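Asker: Structure in structure tokens, see below.
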Amino acid sequence: MHILAAALVALVALLHAWFLTLEMFLWEKPLGLKTFRNTPEKAAITAVLAKNQGLYNGFLVAGLVWGLYLGATGAADARAVQTFFLGCVIVAGAYGAATVSRSIFYVQACPALAALAFTWLG
């Protein structure tokens, strides 16, 4: 169970590393435009905001990786760190679903909910 929990936390971290890449580096590129259904003009206007959002995704990645590292070393506070950062992802996913698109909940919050459940079951 512990391995599955760690794998799910790692998956959430990888997803957010991808979100960081899309928002910080690909926002105005064809893949970024297609992913976010943006026009080049709108993407140019919002690029700074997207980069800022991408940076926050990077902080989530850092926290999740930190929690995985603590878990690998057997640190007692590993689950607390993972719980905090997975909770941040869940809240962000729920907010995105409520304000932008319902699909954000499934892409962002659901994997984090699964990781959180297995973290606590393990």
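Just so you know, all these numbers are worked out from the coordinates, no wet-lab data involved. This is a predicted model, so every value here is computed, not measured. Here the Cβ positions follow ideal geometry from the backbone for every residue, glycine too, while neighbour counts run over all protein chains shown.
Asker: Would you mind calculating the gained length between Val65 and Leu33 on full extension (0.36 nm times residue separation, minus the Cα-Cα distance), in nm to one decimal?
Answerer: Numbers: separation 32, 0.36 × 32 = 11.52 nm, distance 2.87 nm.
Difference between extended and current length: 8.7 nm.
Asker: Report, in debye and to the nearest 20, how large the dipole of the chain comes out about its Cα centre when Lys and Arg carry +1 and Asp and Glu carry -1 on their Cβ. All intermediate terms of the calculation are to be shown ahead of the outcome.
Answerer: Working: 7 positive and 4 negative charges, 51 e Å.
Roughly 240 debye for the chain.
Asker: In the stretch 36-85, what trypsin sites (Lys or Arg not before Pro) fall in a loop by DSSP, with at most 11 other Cβ atoms inside 10 Å? Can you show the working numbers first?
Answerer: Numbers: sites: Arg37, Lys42, Lys51, Arg79; in loops: Arg37.
Hits after loop and neighbour filter: Arg37.
Asker: Let me ask you something else. Run down the aspartates and glutamates and flag those whose C-alpha is under 17 Å from the C-alpha of Lys51, throwing out any fewer than 8 positions away in its chain.
Answerer: Cross-link targets: Glu23, Glu28, Glu41.
Asker: Once you put a point 7 Å from the Cα of Leu55 and another 7 Å from the Cα of Val100, both along the Cβ direction, what distance in nm separates them?
Answerer: Placing both labels 7 Å beyond Cα along the Cβ direction yields 1.7 nm.
Asker: Let me ask something additional. Okay, helix-only estimate at 222 nm for the chain: each DSSP H run of n ≥ 4 adds -39500 (n - 2.57), divide by all residues, round to 500 deg cm²/dmol; what do you get?
Answerer: Details: 5 runs with 97 residues, N = 122.
About -27000 deg cm²/dmol.
Asker: Calculate the FRET efficiency for Asp77 and Glu41 from the Cβ-Cβ distance with a Förster distance of 41 Å, rounded to the nearest 0.05.
Answerer: 0.30
Asker: Just to be sure I follow: if Rg is taken over the C-alpha atoms of the chain and Rh is the Kirkwood radius over the same atoms, what is Rg/Rh?
Answerer: Dividing the radius of gyration by the Kirkwood radius yields 1.03.
Asker: What is the distance, in nm, between label points placed 7 Å from the Cα along the Cα-to-Cβ direction at Cys88 and at Leu4?
Answerer: In this crude spin-label approximation the distance works out to 2.7 nm.
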